[in-house]
1. What does the C-alpha gyration tensor say about the overall shape of the stretch 57-113? Classify as rounded when a/c is under 1.5, otherwise prolate if a/b is larger than b/c, or oblate.
2. How many percent of DSSP beta bridges within the stretch 44-103 run antiparallel, rounded to 5?
3. Determine the relative contact order of the stretch 44-103: mean sequence separation of Cα pairs under 8 Å and six or more apart, normalised by residue count, in whole percent.
4. Grab the Cα-Cα distance for Glu52 and Gln112, subtract it from 0.36 nm times how many residues apart they are, and report the gain in nm with one decimal.
5. Can you pull the one-decimal nm distance between simple spin-label points at Ser67 and Gln93, each 7 Å off the Cα toward Cβ?
6. Between Ile66 and residues 5 or more places away or on another chain, which pairs have amide H atoms under 5 Å apart, with H built 1.01 Å from N, and which residues are they?
7. Run the reach check for Lys92 against lysines, Cα to Cα strictly under 18 Å, same-chain hits fewer than 8 apart removed. What comes back?
Amino acid sequence: MDKRLIFIFIAIVLASLLFLPLFTINQDKQPLFLSNSLSISPTIEQVKEQYESDLLRINGVVGVGISKCEEKPCIKVYLENESPNLKKQIPKQLDGFKVDTQVTGAIKAQPQQ
């Protein structure tokens with residue numbers, strides 16, 4: 001066999017090995033280059049929306065918002081009282097965002113005039 005043909009054959013094999021991961025099938029049966037294999041971190045708004053209803057189900061939680069903690073965005077959970085038992089139920093972070101608590105007391109809607 002001609003040395004040039006051997007070189008071309010080896011080059012094609014090596015090149016195909018380099019690009020093989022792009023076309024490997026994942027568990028969803030989609031080529032990897034079409035899937036979301038590079039996950040994008042959720043925004044703080046998405047994290048708040050995802051967990052807000054769960055947090056509000058905790059007895060003593062009266063609100064959930066977005067604030068800044070140490071110059072970084074954080075989830076603010078407003079509490080009716082300073083109960084240590086209540087604070088234990090609040091996570092320290094959600095999806096990488098710090099969770100901070102603040103006691104506000106009961107929050108009631110004002111009647112419309």
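1. It comes out oblate by the Cα gyration axes.
2. 65 percent
3. 32 percent
4. The span from Glu52 to Gln112 would gain 19.1 nm if fully extended.
5. Reported label-point gap for Ser67 and Gln93 is 1.9 nm.
6. Lys76
7. The reachable lysines, counting only those whose Cα sits under 18 Å from Lys92, are Lys48, Lys68, Lys72, Lys76.
Here, each number is a calculation from the coordinates, and none is a lab measurement. As the structure is a prediction and not an experimental result, all values here were calculated from the model. Backbone-built Cβ (ideal geometry, glycine too); neighbour counts: all protein chains shown.
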